[in-house]
1. Under 5 Å between amide H atoms, partner at least 5 residues away or on a different chain: which partners does Gly308 have, H built in plane at 1.01 Å?
2. Which whole-number percent gives the relative contact order of the chain, counting Cα pairs below 8 Å spaced six or more residues apart?
3. Scan region 254-342 for chymotrypsin sites (Phe, Trp or Tyr not before Pro) in coil per DSSP, keeping those whose Cβ has at most 11 other Cβ atoms within 10 Å, and list them by number.
4. Output wanted: per-residue J couplings in Hz (rounded whole) for region 25-34, from phi through Karplus 6.51 cos²θ - 1.76 cosθ + 1.60, θ = phi - 60°, x for Gly and Pro.
5. If you average the alpha carbon positions of region 229-303 and of region 146-193, how far apart do those two centres end up, in angstrom?
6. DSSP loop (so not H, G, I, E, B), at most 16 other Cβ within 10 Å: list which GluC sites (Glu not before Pro) in region 49-155 pass both filters.
7. How large is the Rg to Rh ratio of region 185-292 when both quantities use alpha carbon positions and Rh follows Kirkwood?
8. Output the relative contact order of region 94-166, whole-number percent, from Cα pairs under 8 angstrom with separation of 6+ residues.
Amino acid sequence: MSAPRLEIDLQKIHHNARTLVERLAVLNISVTGITKATLGSPEIAKTLLDAGVSALGDSRIENIKRMREAGVDAPIMLVRSPMLSQIDQVVMHADISFNTELDVINALSSAAQKAGRTHGVVLMVELGDLREGIMPEDVGSIVRKILKLPNIEFKGIGTNLACRSGVSPDAKNMGKLSVLADSIDATFDLEMEIVSGGNSGNLGWALSGEDTGRINNLRLGESILLGLDPLHREPIDGLHNDAFKLIAEVIEAKTKPSQPWGKIAQTAFGLPPPITNQGDISQVLLALGEQDTDPDGLTPPPGIEILGASSDHLILNAKENRLAIGDEIAFQMKYSALVRAMTSPFIVKIMKI
């Protein structure tokens, strides 16, 4: 079988998604399954829908278009603010987009009128992580203007935490979102359809037993795909952590010194990694590198150590493991490694049903 390859267990993804959907349903919180890490894989999208997610979400309109062309017929949200250069595609392929700029929403309105469609808008609110979002005190004035736009349907508000700055969702910031939702509904005589509290980083808070207030939606990607809590990269109880395995092939196996010699400068990707003198080691090269995945996001089998990587090679210390040319090694993956591996055209994707 070809290598490098990603072996993707759809049954394990289904189990993870179904488990989280059921746990959150008790709290009246729906799940939007995020497909961006899988490059909008139609097979994975359909698996998420079969498991009970209420909608799909992706940050790239190209991925959404791919799912539509593959026959994925479900509500799909563009969860990154639309680019003006892609407005027509957003209106054509996405049911809802997350927005922070009134100029963009005006453009969506014009494009939706021309296409004879209605486009849903969720306003993203800044609650401290300092990525995207409207300052809370400015949301009301923007809602007032949105409600006057033709072919635009105001769907609700959302926020995003734990991405740029690592700010954790908690009772305080989630409470602010609920208070803002109540204020908007009261001011404009609405009952917002969506109050999206955030991503997989919200699970610890949501399932802690605290009052979840107005939050009725979470956008889950990493927790479903890898079974991990992204706040601390710890396994979530009852979920599979190995739905994705990255398999790479040995292309060199030799005994070599553990320390380089000669005048040391920068490596191909910057400063060299720290090196300790372990004497001669069993060094193995794999046909896998920085161009394919994030080496820092790979977990090797027990007894094997990742020493470093270049664009095309992953260097290992095999220690007591006897590895030969053509042998294969399977790695578990963190989110950064998964995203880059799914994007790489050099890695074959194998779906296991």
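Readers should treat all values here as calculations from the given coordinates under stated rules, not as data from a laboratory. The shown structure was predicted, so the numbers you read here are calculated from the model rather than taken from an experiment. Quick reminder, even Gly has a Cβ in these numbers, built from the backbone with ideal geometry, and neighbours come from all protein chains shown.
1. When sequence neighbours closer than 5 places are left aside, the close amide H contacts are Ile315.
2. About 18 percent, as a whole number.
3. Loop-located and lightly packed - Trp261.
4. Computed from phi, the couplings for region 25-34 are 4, 4, 9, 6, 10, 8, 10, 9, x, 8 Hz.
5. Here the two parts' Cα centres lie 42 Å apart.
6. Glu101
7. 1.23
8. Averaging sequence separation for qualifying contacts and normalising by length gives 36 percent for region 94-166.
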